[in-house]
1. Take the residues in segment B:123-166 that are surrounded by fewer than 15 Cβ atoms within 10 Å (Cβ to Cβ) and in contact (Cβ under 8 Å) with a residue 40 or more places away in the chain; name whichever of them is nearest to A:Ala51 (Cα to Cα).
2. What is the residue count in segment A:32-60 for residues that are under 26 Å from B:Ser91 (Cβ atoms), in contact with a Gly (Cβ under 9 Å, 6 or more places away or on another chain) and within 8 Å of chain B (Cβ to nearest Cβ)?
3. Tell me which of these B:Ile73 doesn't satisfy, since it passes every other one: (1) farther than 21 Å from A:Arg27 by Cβ; (2) at the interface with chain A (Cβ under 7 Å from one of its Cβ atoms).
4. Quick check: is even one residue across segment A:61-68 modelled with pLDDT under 90, facing chain B (nearest Cβ under 7 Å), at negative phi and out of contact with any helix residue (DSSP H, G or I) (no Cβ under 9 Å at 6 or more places or on another chain)?
5. For segment A:27-45, what are the residues that are in contact (Cβ under 8 Å) with a residue 12 or more places away in the chain and over 18 Å from A:Ala71 (Cβ atoms)?
6. Return yes or no: is B:Leu68 more than 17 Å from the chain's Cα centre (by Cα) and part of a helix (DSSP H, G or I)?
7. Residue check, B:Leu95 against (1) within 25 Å of A:Ser69 (Cβ to Cβ); (2) facing another protein chain (nearest Cβ under 8 Å); (3) at pLDDT 85 or above; (4) over 22 Å from the mean Cα position of the chain (by Cα), all met but one. Which one?
8. Going through segment B:34-57 one residue at a time, which ones are at the interface with chain A (Cβ under 9 Å from one of its Cβ atoms) and part of a helix (DSSP H, G or I)?
Amino acid sequence: MELQPIFIQILALALFAIGILVAITRRNIIFVLMGVELALNAVNLSFVGFAKTLPAELSVAGQIVPLFSIAIAAAEACVGFAMVILIFRNRESIDADSYSNMRG
Amino acid sequence: MLALIYFIILAVIALGAAVCVLLSRHPLYGALSLITTMVALAGIYGLLGSPFLGVVQIMVYAGAIMMLVTFVIMVLNGARDSKTPMFDKVSLFILPSVIVLAGLVGFALVRAPLAFDTTALRGSVALTSKTLFDVAQTGPGYFILFEILGLLLLSAMVAAVLMAKKRLGSIETENTEDNH
């Protein structure tokens, strides 16, 4: 039995689900950001897995776009952790529920 | 056959480390598990024939982003906030909904006809650089995106520095502005 593209997609789906689960269920704000990173990683894997099912010239785009996605994840992590540091100074807590002063 | 064995090993490492991220209590252990996941994913990229992407994954994700995460964990010293519970009651409702979402998407994926194309190009350094910096008018135009990405990273860096500064427009900063 050879490696099938569907295995890669299933792995990406499982990683994405775990990432979403971490981002939504964990109370610690650092884990929330790490869950978002995990979900972004899974999407990159899905991109590459689909790119390998396309013929010659079409398969290039799926291997270039993850580069941009990785760079955007870097920018997101940069701003996200700056905000965490900023709010941590005011609240002295990393519980996501204590960051609720903007609720409606 | 060999590719499948390598893939299964790397996939088990990635999934196990991802579950460790979900279940670990200390943020630093979570960050280490996340790094393990990312290195395993880089191995899968190499296995699939995108070695450049695998190296970028290790350098940018496992190197730069996780360094930032570890740095922030150490600056905040979040470990002393160990009274915060890991999960709350809402988690009980999120778990089945995420499983149902994954099941639905997985059902759609399994039904889709997918097969590896043997003519798919290998994402080597030469191919990636040739595509990325193709400035010909008929080319894909990725270089414009590349420039915009540089601007985005610069603005993100400036925003991070401005936000993490102690206090904007405080007396000390106004005084230093008057001095020069």
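1. Across segment B:123-166, the extreme among qualifying residues is B:Ser124.
2. Result for segment A:32-60: 6.
3. Among (1) farther than 21 Å from A:Arg27 by Cβ; (2) at the interface with chain A (Cβ under 7 Å from one of its Cβ atoms), B:Ile73 violates only (1).
4. No, every residue in segment A:61-68 fails to be modelled with pLDDT under 90, facing chain B (nearest Cβ under 7 Å), at negative phi and out of contact with any helix residue (DSSP H, G or I) (no Cβ under 9 Å at 6 or more places or on another chain).
5. A:Arg27, A:Asn28, A:Ile29, A:Ile30, A:Val32, A:Met34, A:Gly35
6. Working: more than 17 Å from the chain's Cα centre (by Cα): no; part of a helix (DSSP H, G or I): yes.
Here the answer is no, as B:Leu68 does not meet what is asked.
7. (1)
8. Of everything in segment B:34-57, those that are at the interface with chain A (Cβ under 9 Å from one of its Cβ atoms) and part of a helix (DSSP H, G or I) turn out to be B:Leu34, B:Thr37, B:Met38, B:Leu41, B:Ile44, B:Tyr45, B:Leu47, B:Leu48, B:Phe52, B:Leu53, B:Val56, B:Gln57.
The values are calculated or read from the model by the stated rules, or taken from the named source; none is laboratory data. Every value quoted in this text rests on a predicted model; they were computed, and no experiment measured them. When we count neighbours, we look across all protein chains shown, and the Cβ atoms used for this are built from the backbone with ideal geometry, even at glycine.
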